[in-house]
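Reviewing the structure listed below.
Nothing in this text is a laboratory measurement; each read-out follows from the coordinates by a stated rule. Bear in mind that the values here come from a model prediction, so they are computed numbers and not experimental data. All Cβ positions, glycine included, derive from the backbone under ideal geometry; neighbour counts span all protein chains shown.
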């Protein structure tokens, strides 16, 4: 780095010291509990390199990083895509700010990062990687650097072919999503029943007999030893289907030796590489499992801080609005937009229920007549933030003396009176968490003012029937005075801790949300040869979305037998959910798995088959043809890939009972 570049980055960092400090203060006032964050200023090329490396500065040598770097550069050059930031899940977290960002961009990134760091620190799925360790700390940067150094040393070893190391990494990466991401990460060691232990025991016993080497070679040849191994092996293992395919091949797999024409033990470096690839797969699993939640969480709190709380200055607001518009308007399934909408929906529904419960306790009001006798405009008037809290300046501090005690930070208010707090720039400093919740109450926001009155009669009945009659009010004003204005945020924090994208979508993607945000499903019609809207029903939309997030959007493949057909072959099974595997890519994947197993590999799956006659008849009748589901066994023996029919009884247990997905994701298995 040149001296001028270094001074430039130091100047930017100095200018950002206050925004970084105040963003952390505001985040904590809002209830966030983030990891400490180290911010780094990087240039355009450094940012692209970090993105290619998955947010870290050191990764193992491999061609995939160069491809990712080239793709990121072209995206910026030709499609106008801009990388504003990158932050990694570590403690402390490390965030990288691009030096070409505007001040508004930098502030937006900083507030966004603080929310990410909170999510990393508090979501239980991120805890699975560290749970059970003595310190329970994330130190991913150190782990990845160790992996980079170890693999670099293997590649530099004159006894090991560098190309073989890269190929071995390719084989392992093919299975990086075939882990058990719901299990606490543990490193698995070699089992005591390995072939090496058998060889060592036999060797010791032969030495005790005092036989010559010629006799040993004549009687106890390799074929006999292999047969002994097969005879001693269990008829079938594992006892239950094993989701962690990477761990299974690491423990029980071999490598195919072309010269010997058979499976032989893996080299120590090969098992070590599998260990490293598996550890990295588990580390990154939580990020894949919570993409919508995490990005939506960060977008929500970024908006609350930058826009609602005025962290973006008046001269920066238009730049920030442009920044946020670009993020939320990205094409395709946008995790920022979908996630932010769902978090806002959770907040609104919880707040609505809280308000409705209080309204139903007013004398003369019941779930049957609430919408007829309650004036929702009057309700919204009472829910609006009091002027003393809504518009805080150095000239209006005295008005805060009249608001409830729990809303005001008395120590900060005294400092503001003494001129020690710039309350015109940071009005939130004189409020407590409860005061900020009142200031930003969701139902009173302009974009949400119709949400309360849209409550359905079914929802009113559900609330009313299970409402304890423990308080009665004589008026709307009296009832709303007891509303818990923190209820929505409290629920959001609870959800943030325990959910992943699958449970998040399954739990909160309701018909109301889908209708309000115009979500629908589409599918390809065999009859018309075109895509068309197929449904706007919540169940259908939910199924389509869940398909893209279950098991990272990839098929679930499990090990069902490591001694298939009593021949040491590997039998895998596709847990079919109504969507076929891409058989070509599945075959390519089996070829790679063969390299990690050293012996033939088999895969059971279910396919949908249509013949041209059925399609033609359906086209004439303007309806979709009904495909027939059949079982298939795909097998690769090291030379030939075969696909054969199997009886339905052999695959019936793999079929889902009530799921029928029609849309196939872009990438399957391979």
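Our compactness index for the stretch 335-516, the C-alpha radius of gyration over the empirical 2.2 N^0.38 Å, is 1.15. Peptides 417-425, 644-652 ranked from most to least packed by the mean count of surrounding Cβ atoms within 10 Å: 417-425, 644-652. Between residue 184 and residue 317, the contour length at 0.36 nm per residue exceeds the alpha carbon distance by 43.5 nm.
Between residue 44 and residue 328, the simple spin-label model (points 7 angstrom out along Cα→Cβ) gives 2.9 nm.
If the chain linking residue 377 and residue 588 were pulled fully straight, counting 0.36 nm for each residue of separation and taking away their Cα-Cα distance, it would gain 69.7 nm. A compact globular protein would have a Cα radius of gyration near 2.2 N^0.38 Å; the ratio found for the stretch 280-319 is 1.65. Compute the whole-percent fraction of alpha carbon pairs in the stretch 432-507 spaced more than 16 Å apart. In whole percent, the share of Cα-Cα pairs in the stretch 432-507 beyond 16 Å is 70. If you bin all the Cα-Cα distances of the stretch 469-525 at 5 Å, starting from zero, the percentages per bin are 4, 12, 13, 14, 15, 13, 13, 9, 3, 2, 2, 1. Counted residue by residue at 0.36 nm each, then reduced by the alpha carbon distance between them, the extension gain from residue 2 to residue 567 reaches 197.1 nm.
Rounded to the nearest 0.05, the FRET efficiency derived from the C-beta distance between residue 640 and residue 239 at R0 = 45 Å is 0.90.
For the stretch 257-292 versus the stretch 411-473, the spacing of their alpha-carbon centroids is 50 Å.
Note on residue 170 and residue 391: the model spin-label points, each 7 Å out from Cα along the C-beta direction, lie 6.7 nm apart. Rounded to 0.05, the FRET efficiency of the residue 626 and residue 539 pair, given R0 = 25 Å and the Cβ-Cβ distance, is 0.75. I need the shape label for the stretch 323-404. Rule: rounded when a/c is under 1.5, else prolate if a/b > b/c, else oblate, with a, b, c from the alpha carbon gyration tensor. Note, shape of the stretch 323-404 comes out oblate.
Over the stretch 550-654, the pair-distance histogram of Cα-Cα distances with 10 Å bins from zero comes to 14, 42, 29, 12, 4, 0 percent, rounded to whole numbers. Pairs of alpha carbons in the stretch 287-356 separated by more than 14 Å make up 65% of all such pairs.
Using the Cβ-Cβ distance between residue 462 and residue 653 with R0 set to 51 Å, the FRET efficiency from 1/(1 + (r/R0)^6) comes to roughly 0.85.
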